[in-house]
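Asker: Right, I'll just put the structure down here and ask away after.
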Amino acid sequence: MNIAYYMPFKPLGHPNPSGDLVAGTELYNYLTKAGHNCQLASRLRCRWIYLRPFAFMRLLAEQKRVSQSLSTAPVDLWLSYHSYYKAPDLLGPYCAKKLGIPYVIFQGIYSTKRRRKLKTLPGFYLNRRTLSAADLIFTNKKRDHRNLLRLLPPDRVSYIAPGLHTRDFTFSNEARSRLRSQYELADKVVVMSAAMFRPGVKTDGLTTVIRSCAKLVKEGADIQLLIAGDGNSRAQLKKTGKQLLGKNITFLGKIPRNELYQYYSAADIFAFPGVEESLGMVYLEAQSCGLPVVAYEDWGGGEVIRNSETGLLSSVSEPDLFTQNLKHLVADQELRRALGSNAASHARTHHELDQNYDFLCKRLEDIRTR
């Protein structure tokens, strides 16, 4: 197939990493490797575009440019990665209609609470219009699947389990020995966490992990907390970490994604609450490397972690249980090993990206030939 591919939130190659950028890039790479010709339709960013008049003017020009360009190099369908209130796809529906081709979205999000605030109200209605124009919407979140069915009929909404290349996230005994020696971890129970050091829920989540580990250290647990990531909250998190954990915390800095498996391998537990985390690819990465996970069940953790099978989940309404779950795993080596083994199997059975995207390709073929 010839596919016009577009990412309205962050274009391919954007310098600021995020889970959405990773997922959108992996989808593009998979389709390309599968033999499809993916043409990058535009690099226009729609993030808060309705609050930026000059960007809106550029949109009008881009609609004309892209539709004219693709009319001379025909495509079979338009595929946009991600459309939601903050970055509604305002290019794809126009161009697809102009070209007379199917319009498909991967990861469309319909959240009615966004109409309650004046700032997000325009984005809600623009995004609802975009979603309503789609011939098919894929989603890898069960909550989003339920919400989309409030707007669209079942034949226009399709759930695909989130996935990753598990071969890139496999336990390495060599990396475990090397890094545990490098960081002088000896026989400590190593808890790992990873997130962007961004103000808000990311920083709050990492702070929760720091406080939980500090409480367990005070109770006598021999823990070392490793945190991977970087960002604007670096100084704040380091200050909190050193105050509460002293030498029992190590900030690893920003680790390239293709090297993260080594640090997961060196750890014994992965912990991150995941407040408002839509999915949390780190949960899949850690499980794929054989780590049991401690998280909240209310958001992304509940999507990909099986409670008491691949990790331990608790509700955000009972924050003390997060610490208790972490304590349970720190104290029980056999439980850690059992849940970690289950986690690796779970990732390979249910979240192998190639397997899940094979289904996506079949649906795209079906809609192309309608």
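Read-outs throughout are calculated quantities, based only on the coordinates presented, and are distinct from any laboratory measurement. All of these numbers come straight from a predicted model, not from anything done at the bench. So basically every Cβ, Gly included, is an ideal-geometry build from the backbone, and we count neighbours across all protein chains shown.
Asker: Arranged from highest to lowest average of other beta-carbon atoms within 10 Å per residue, in what order do the peptides 206-216, 337-347 appear?
Answerer: Descending mean neighbour count gives 206-216, 337-347.
Asker: ³J(HN,Hα) across region 364-369 via Karplus (A = 6.51, B = -1.76, C = 1.60, θ = phi - 60°), whole Hz, x for Gly/Pro?
Answerer: Listing the rounded values in order: 5, 4, 4, 6, 5, 9 Hz.
Asker: Place a +1 charge on the Cβ of each Lys and Arg in region 166-350 and a -1 charge on the Cβ of each Asp and Glu, then give the dipole magnitude about the Cα centre in debye, rounded to the nearest 20.
Answerer: For region 166-350, the charge dipole is close to 680 debye.
Asker: Now a separate question. Run the numbers on region 1-71 and let me know its relative contact order in percent, using alpha-carbon pairs under 8 Å that are six or more apart.
Answerer: Reported as a whole number, the value is 39 percent.
Asker: Viscosity 1.002 mPa s, temperature 20 °C: Stokes-Einstein D of region 1-127 from its Kirkwood Cα radius, in µm² per second?
Answerer: After rounding, the answer is 144 µm²/s.
Asker: Which of the aspartates and glutamates could a cross-linker span from K215 if the Cα-Cα distance has to be under 15 Å and same-chain partners fewer than 8 positions apart are dropped?
Answerer: Answer for K215, where 15 Å is the Cα cut-off: D320, listed by chain and number.
Asker: Amide H to amide H, which residues 5 or more places from L312 or on other chains are under 5 Å from it, using H placed in the peptide plane?
Answerer: Residues meeting the amide H criterion: V293, V294, A295.
Asker: How many lysine pairs are close in region 1-157, with Cα atoms under 20 Å apart and the two 8 or more places apart or on different chains?
Answerer: 10
Asker: At a threshold of 8 angstrom on Cα-Cα distance, excluding pairs fewer than six apart, so keeping six or more, what relative contact order does region 53-204 reach in percent?
Answerer: Once divided by the residue count of region 53-204, the mean separation gives 17 percent.
Asker: If each Cα of region 176-327 is one equal point scatterer, what is log10 of I(q)/I(0) from the Debye formula at q = 0.16 Å⁻¹?
Answerer: The calculated log intensity ratios at q = 0.16 Å⁻¹ are -0.81.
Asker: Okay, moving on. Need one number: nm distance between label points at E184 and D320, each 7 Å from Cα along Cα→Cβ, rounded to one decimal.
Answerer: 3.6
Asker: Cα axis of helix 19-33 to longest principal axis of the chain: angle in degrees, 0 to 90, nearest 10?
Answerer: That works out to roughly 60 degrees.
Asker: Once Lys and Arg get +1 and Asp and Glu get -1 on their Cβ, which of L206, I227, S193 lies farthest toward the positive end of the dipole of region 100-228?
Answerer: Among L206, I227, S193, the one farthest towards the positive end of the dipole of region 100-228 is L206.
Asker: Let me ask something else about it. Counting only the backbone N, which residues of region 277-309 are under 15 Å from the spot 7 Å out from the Cα of R143 toward its beta-carbon?
Answerer: Correct set: 277-281, 295-305.
Asker: Counting only DSSP beta bridges with both residues in region 82-230, tell me the antiparallel percent, nearest 5.
Answerer: 5
Asker: If the only charges are +1 at each Lys and Arg Cβ and -1 at each Asp and Glu Cβ, what is the size of the charge dipole of region 287-370 around the Cα centre, to the nearest 20 debye?
Answerer: 260
Asker: While we're here: Label N29 and D358 with points 7 Å out from Cα along Cα→Cβ: what is the distance between them in nm?
Answerer: In this crude label model, N29 to D358 measures out at 2.0 nm.
Asker: Here's something else I'd like to know. By how many degrees, 0 to 90 and rounded to 10, does the Cα axis of helix 234-245 deviate from the longest principal axis of the chain?
Answerer: Taking Cα atoms only, the helix is inclined about 30 degrees.
Asker: Kindly work out what percent of the DSSP beta bridges joining two residues of the chain are antiparallel, to the nearest 5.
Answerer: 0
Asker: Charges at C-beta only: +1 for Lys and Arg, -1 for Asp and Glu. How large is the resulting dipole of the chain about its Cα centre, in Debye rounded to 20?
Answerer: That gives a dipole near 1760 debye.
Asker: Among 293-302, 118-127, what's the highest-first ranking by average C-beta atoms within 10 angstrom per residue?
Answerer: Top of the packing list down: 293-302, 118-127.
Asker: Roughly how many whole Å is it from the C-alpha centroid of region 1-40 to that of region 282-321?
Answerer: 28
Asker: Can you tell me the length gained on complete extension of the stretch D366 to E174, counting 0.36 nm per residue apart and subtracting the Cα distance?
Answerer: 64.6 nm
Asker: Right, here's the next one. Any idea what the relative contact order of region 1-141 is, in percent, if you count C-alpha pairs under 8 Å spaced at least 6 apart?
Answerer: 25
Asker: Which one of F124, S181, Y264 is farthest out on the positive end of the charge dipole of the chain, using unit charges on Cβ (Lys, Arg +1; Asp, Glu -1) and the Cα centre as origin?
Answerer: Of the options given, the answer is F124.
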